[in-house]
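Shown next, in structure tokens, is the structure this report addresses.
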Amino acid sequence: MQRLIINGGKRLCGEIKVQGAKNSALPLLAGCLLAEGKTVLRRCPELTDVFAACRILNELGCKCSFRGGRVVTDSADAAGWRISEELMREMRSSIVFLGAVLGRTGKCELSYPGGCELGPRPIDMHLAALKQLGVRMTEEHGRISCSCPRGLKGAVIDLPFPSVGATENVMLAAACASGETLLRNAAREPEIKDLADFLNCCGADIKGAGCSTIRIRGVKKLHGCEYEVMPDRIAAATYMAAAAATGGELGLLGVRCEDVRAVTAVFEEMGAGVYCPEGRIFISCSRPLRAVRVIRTMPYPGFPTDAQAVVMAALATAQGSSMIVENIFESRYCHVDELVRMGADIKVSGRTAVIQGVKKLCGASLRAHDLRGGAALAVAALGAEGTSSVGNVHFIDRGYEQIERVLESVGADIRRR
Ligand code: UD1
């Protein structure tokens, strides 16, 4: 099992070119199935979850090659409609292939997706929305069989909660359905807009992505295109947290400031200087950091749940008492016990965490339990006194491209063992 060995206390300084967004690359890869012919995705992050998505494409008969951040797919022979349980279990986002496979073949058989480390992650909203588009479903031994006896038909769909994955599934399934789909209470995350932009680039007719109501006019077919994946706003938030935890100064290149406003506002409240010229974010942190009043994770444009853990790691040594309320996932505080091992003073009660800032954290032997929680441990270890080892690095590798090389390039003492 691989681990990161981090000698903390080194101030991070320099520039980081931020990777393409994992959470956008995955639905875009599913969208490649719908685009007849060749599609090129640039700035695709080399991550285990992205490799898993490529394996799903291969299983469905879609050619997929990955080199130097470019994924080239060719869906000419993509007639497959069954996704094996093994691949479905590899990651939660495998469920976005459902909408794409239905759009492509009119049927699909798959199992429940994996990735349950944040507590229960049901797919009821995905299934209910797809049913409204004319999909019939049966379930046996954990396998879900879907068919559209009369084809996919546009509909008016009201999501009970702006689920990111359900919004993506509806967009993918409705892109080539007959008629118009009106999706209300849709997720507004920037990754939704990126998927719509990509599908439109392939010939789809999707309007309103990024707002609560999305209108999708079904078109006959989509064609391939070349497209660049949007920047990863959560990787950007993580490197900002690393700058804060080490009293450092970082320039993040190739990012969109508007995507991370809720996060930069928190760092500013902590006392960091944040400057956002076009396509870049500069963050400068002198210690001591200040506590913040309360952070509530919310759907976009609110504070992202995916940045909760890394910001908590920075708050662990801020002066005063901060509070975080996790509203999106039930069980997203697995990193807290590990931070406490390092000397943090954090108390969790239900969805609320109270962080009483301590003077310093001490290096410890740590274990990641999930992707963002794992990244938070790395952030805390960078700012801590002494050496930490972070086990279960495979969680971190799901979302961060070569994390140790990136951090080393800005002055961290970090290696993988
Ligand atoms: C996506 C992101 C994830 C992020 C999350 C919230 C990807 C690959 N993952 O996950 O990193 O943390 O958005 O911003 O893009 N829910 C249901 N039933 C459903 C669907 C969702 O109850 O059918 C619940 C979930 O359990 C969760 C909440 O709704 O509590 C939000 O989930 P959702 O927005 O769907 O997140 P994901 O698409 O899974």
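The values are calculated or read from the model by the stated rules, or taken from the named source; none is laboratory data. Values in this document were obtained by computation on a predicted structure and should not be read as measured data. When we count neighbours, we look across all protein chains shown, and the Cβ atoms used for this are built from the backbone with ideal geometry, even at glycine. Each accessible area value is taken on the protein alone, full model and side chains, heavy atoms only, with ligands, DNA and RNA left out. Shrake-Rupley method; radii C 1.70, N 1.55, O 1.52, S 1.80 Å.
Quote to one decimal, in nm, the extra length available between ARG11 and HIS141 on full extension: 0.36 nm per residue of separation minus the C-alpha distance between them.
Length difference between fully extended and current span is 41.5 nm.
Under 8 Å for C-alpha pairs, at least 6 residues apart: give me the relative contact order for region 75-213, rounded to a whole percent.
For region 75-213, the relative contact order is 21 percent.
For region 172-209 and region 76-115, what is the separation of their Cα centres, given in Å?
19
Karplus couplings for region 184-196 from phi (6.51 cos²θ - 1.76 cosθ + 1.60, θ = phi - 60°), rounded to Hz, Gly and Pro as x?
In residue order, the calculated couplings are 9, 6, 6, 5, 10, 4, x, 5, 5, 4, 5, 5, 4 Hz.
Of LYS17/LYS360; LYS107/LYS207; LYS22/LYS193, which pairs sit farther than 23 Å apart, going by alpha carbon to alpha carbon?
LYS17/LYS360; LYS107/LYS207
Using a 7 Å offset from the Cα along the Cα-to-Cβ direction at both SER331 and ALA128, what is the distance between the two label points in nm, to one decimal?
The answer from the label model is 2.3 nm.
Over the chain, with every protein chain in place, what whole percent of the accessible area is carbon and sulfur at 1.4 Å, could you tell me?
49
In nm, to one decimal, how far is the modelled label at THR48 from the one at VAL348, with both set 7 Å along Cα→Cβ?
Label-label distance for THR48 and VAL348, simple model: 2.1 nm.
So if each residue of separation counts as 0.36 nm, and I subtract the Cα-Cα distance between ARG67 and ARG296, what length gain in nm does that give?
Value of the extension gain: 78.5 nm.
Determine, for each peptide in 365-377, 197-209, 140-152, the mean count of other beta carbons within 10 angstrom over its residues, then list the peptides with the highest first.
Averaged packing, sorted descending, gives the order 365-377, 197-209, 140-152.
Please work out how much length the chain gains when fully extended from GLN2 to LYS360, using 0.36 nm per residue of separation minus the C-alpha to C-alpha distance, in nm with one decimal.
Length difference between fully extended and current span is 126.2 nm.
How far is helix 371-383 tilted off the main Cα axis of the chain, in degrees rounded to 10, range 0 to 90?
For helix 371-383, the angle is close to 20 degrees.
Leaving out same-chain residues fewer than 8 places away, which lysines sit with a Cα under 17 Å from that of LYS38?
LYS63, LYS221
Can you report the principal axis dimensions of region 22-228 using only the alpha carbons, biggest first, rounded to whole angstrom?
That gives 41, 38, 32 Å along the principal axes, largest extent first.
Round to a whole angstrom and tell me the spacing of the C-alpha centers of region 257-312 and region 342-370.
A separation of 19 Å, based on Cα centres.
Can you give the accessible area per residue of region 5-97, in Å², using a 1.4 Å probe?
That works out to 38 Å² per residue.
Count charges around ILE214 for me, please; just the other residues with Cβ under 14 Å from its Cβ, Lys/Arg as +1, Asp/Glu as -1.
For residues surrounding ILE214, the net value is -2.
Quick one: helix 48-59 against the long Cα principal axis of the chain, what's the angle to the nearest 10°, folded into 0 to 90?
Approximately 10 degrees, to the nearest 10.
Around ARG290, which amide H atoms from residues at least 5 apart in sequence, or from another chain, sit under 5 Å from its own amide H, with H modelled in the peptide plane?
Under 5 Å from the amide H of ARG290: GLY271, GLN319.
So, in nm, how far is label GLU268 from label SER286 when the simple model puts each one 7 Å beyond its Cα toward the Cβ?
Inter-label distance under the simple model: 1.9 nm.
Apply the Karplus curve 6.51 cos²θ - 1.76 cosθ + 1.60, θ = phi - 60°, to the phi angles in region 362-368 and return the couplings in whole Hz, x for Gly and Pro.
10, x, 7, 8, 10, 9, 6
Angle, helix 96-105 long axis vs. longest principal axis of the chain, Cα atoms, 0 to 90°, nearest 10?
Roughly 20 degrees, rounded to the nearest 10.
Give me, ordered by chain and number, the residues 5 or more places off ALA155 or on other chains with an amide H under 5 Å from its own placed amide H.
It is THR181, LEU182, by chain and number.
Choose one of ALA78, SER178, PHE161: the residue whose Cα lies farthest towards the positive end of the charge dipole of region 22-228 (beta-carbon charges +1 Lys, Arg; -1 Asp, Glu; about the Cα centre).
It is SER178, whose Cα lies furthest towards the positive end.
Distances longer than 38 Å among the Cα atoms of the chain: what percent of all pairs is that?
21
Taking the Cα centre of the chain as origin, sum charge times position over the Cβ atoms of Lys and Arg (+1) and Asp and Glu (-1), and report the length of that vector in debye to the nearest 20.
It comes to approximately 140 debye.
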